[in-house]
Amino acid sequence: MLASFPLRQDARMTAELRIEIETPAPADMNAVAMQLAAYNASKSGGEMPDYLFIAARDAQGAIKGGVVGGTYLGWLSIQVFTLEDSLRGQGHGRRMMQLAEDEAVRRGCPRVFLETLSFQALPFYEKLGYQVHSKLEGFPPGGTRYALTKMLQAAPKVS
């Protein structure tokens, strides 16, 4: 699929801008993300996301779950949290979330934001003290998408 639109660069010159659906390439997706990050940094005093990755590995080093997110503008934002079914209900998820929250506080971010779908882990997050901030009915069809937040306890400052 290819659609072309003229791009006006200035009053004297125009160039062709191709807008098309492409097969995702990690380098290209990163270029788009970095363009947005640079724009956001220009509006937020230069702050850039500080990514967070927590891995749950078995004795052989295979990933069995993890947390992917980042701290940015005073918040820990969790994009991915997963744990293999066979490992659920044993406290591993709670420990991973505690580790993420502790790291957020260490980085100066006392608030957490995450999203979950109705068939995922809403009761788990609520047990950890997360509160539903908003919900979107019908996403996915027949279900609900929830946005949750949590205020963390900041460690006392040492003088």
Listed by chain and number, the residues whose amide H is under 5 Å from that of Glu47, excluding neighbours fewer than 5 places away on the same chain and using placed H, are none
Note to self, the chain gives a 222 nm [θ] from helices alone (DSSP H runs n ≥ 4, -39500 (n - 2.57) apiece, / all residues, nearest 500) of -8000 deg cm²/dmol
Connecting every pair of Cα atoms under 10 Å apart in the chain and solving the GNM, the largest mean-square fluctuation among Pro49, Pro141, Pro110 falls on Pro141
Interchain or sequence-distant (5+) residues whose placed amide H lies within less than 5 Å of the amide H of Phe113 are Leu76, Ser77, Ile78
Here the gain from full extension of Arg95 to Ala147, 0.36 nm per residue of separation minus their alpha-carbon distance, amounts to 16.6 nm
Given unit charges at Cβ for Lys, Arg (+) and Asp, Glu (-), the dipole magnitude of the chain about its Cα centre in debye, nearest 20, is 520 debye
With x for Gly and Pro, the residue-by-residue ³J(HN,Hα) of segment 47-54, computed from phi through the Karplus equation 6.51 cos²θ - 1.76 cosθ + 1.60 at θ = phi - 60° and given in whole Hz, is 5, 10, x, 10, 5, 10, 9, 10
If the chain between Leu117 and Tyr39 were fully extended at 0.36 nm per residue, the gain over the current Cα-Cα distance would be 25.1 nm
Once phi for every residue in segment 89-104 is put through the Karplus expression 6.51 cos²θ - 1.76 cosθ + 1.60 (θ = phi - 60°), the whole-Hz ³J(HN,Hα) values, with Gly and Pro written as x, are x, 10, x, 5, x, 4, 5, 5, 5, 5, 4, 5, 5, 4, 5, 4
Under the 7 Å Cα-to-Cβ spin-label approximation, Glu20 and Lys64 lie apart by a distance in nanometres of 4.6 nm
Mean-square fluctuation maximum in Gaussian network of the chain, Cα pairs under 10 Å, restricted to Met96, Met34, Met48, hits Met34
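Is segment 66-106 best put as rounded, prolate or oblate by its Cα gyration tensor, with a ≥ b ≥ c the root eigenvalues, rounded for a/c under 1.5, and otherwise prolate when a/b is larger than b/c, oblate when not?
It comes out oblate by the Cα gyration axes.
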One finds, for Arg107 and Val132 with R0 = 35 angstrom and r their Cβ-Cβ distance, a FRET efficiency to the nearest 0.05 of 0.90
Reviewing [x] 10, 42, 38, 10, 0; [y] 9, 26, 30, 21, 10, 4, 0; [z] 12, 44, 34, 10, 0, the figure for P(r) over Cα pairs in 10 Å bins from 0, in percent actually calculated from this model sits under [y]
Reduced to Cα centres, the span from segment 14-66 to segment 84-159 in Å works out to 21 Å
Counting only protein heavy atoms with a 1.4 Å probe and every protein chain in place, the carbon and sulfur fraction of the accessible surface of the chain in whole percent equals 57 percent
The answer for the chain, accessible area per residue at 1.4 Å probe in Å², is 71 Å²
Which of Ala31, Ala55, Ala121 fluctuates most in a GNM of the chain (C-alpha springs under 10 Å)? That residue is Ala31
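The values are calculated or read from the model by the stated rules, or taken from the named source; none is laboratory data. This one's a predicted model, so the numbers in the text were calculated from it and none came from an experiment. With ideal geometry, Cβ positions are generated from the backbone for all residues, glycine too; neighbour counts draw on all protein chains shown. We work out accessible area using only protein heavy atoms, side chains counted, and drop any ligands, DNA or RNA first. Shrake-Rupley method; radii C 1.70, N 1.55, O 1.52, S 1.80 Å.
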